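Working notes for the structure below.
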Amino acid sequence: MTIREIFARNLRQLRHAKALSQETLAHEAKMDRTYVSALERGLYAASIETVADLAQCLDVEPYQMLIPRLSVVDSSVEPAEAKRPQGD
């Protein structure tokens with residue numbers, strides 16, 4: 001499985017886990033729905049910035065979108081804010 005296919009599968013899985021439509025996710029990430037659809041189908045390779053934007057909207061860390069065997073019920077996939085250090 002290529003990194004593009006892994007990202008595509010994880011993007012769809014994470015979007016479904018958040019019960020978001022492609023349209024809603026695209027709106028939150030400030031991109032076109034057809035682009036989100038193409039990413040989920042593995043037609044395009046996402047830039048680092050796109051991975052970061054989508055991860056933020058899905059409340060995960062960007063690297064989690066590239067994990068080969070990501071399980072959205074896996075306890076290692078915590079919301080992004082839970083992993084951020086607390087400031088003073």
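In the set (1) closer than 15 Å to I6 by Cα; (2) surrounded by 14 or more Cβ atoms within 10 Å (Cβ to Cβ), the condition left unmet by R41 is number (2).
Of all residues in the stretch 1-23, those being surrounded by fewer than 16 Cβ atoms within 10 Å (Cβ to Cβ), touching a Lys or Arg at 6+ places or on another chain (Cβ under 9 Å) and either in a helix (DSSP H, G or I) or not aliphatic (A, V, I, L, M) (or both) number 2.
A quick yes/no check of all residues on (1) modelled with pLDDT of 95 or more; (2) among the hydrophobic types (A, V, I, L, M, F, W, C):
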| position | (1), (2) |
| --- | --- |
| K30 | yes, no |
| V36 | yes, yes |
| L39 | yes, yes |
| A52 | yes, yes |
| D59 | yes, no |
| M65 | yes, yes |
| S71 | no, no |
| K83 | no, no |
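Only a single criterion out of (1) assigned to a loop (DSSP other than H, G, I, E, B); (2) surrounded by fewer than 18 Cβ atoms within 10 Å (Cβ to Cβ); (3) under 11 Å from the mean Cα position of the chain (by Cα) is not satisfied by A46, namely (2).
The values are calculated or read from the model by the stated rules, or taken from the named source; none is laboratory data. Keep in mind the model is a prediction, meaning the values are calculated, not measured. Using ideal geometry, Cβ is built from the backbone for each residue, glycine included, and neighbour counts are taken over all protein chains shown.
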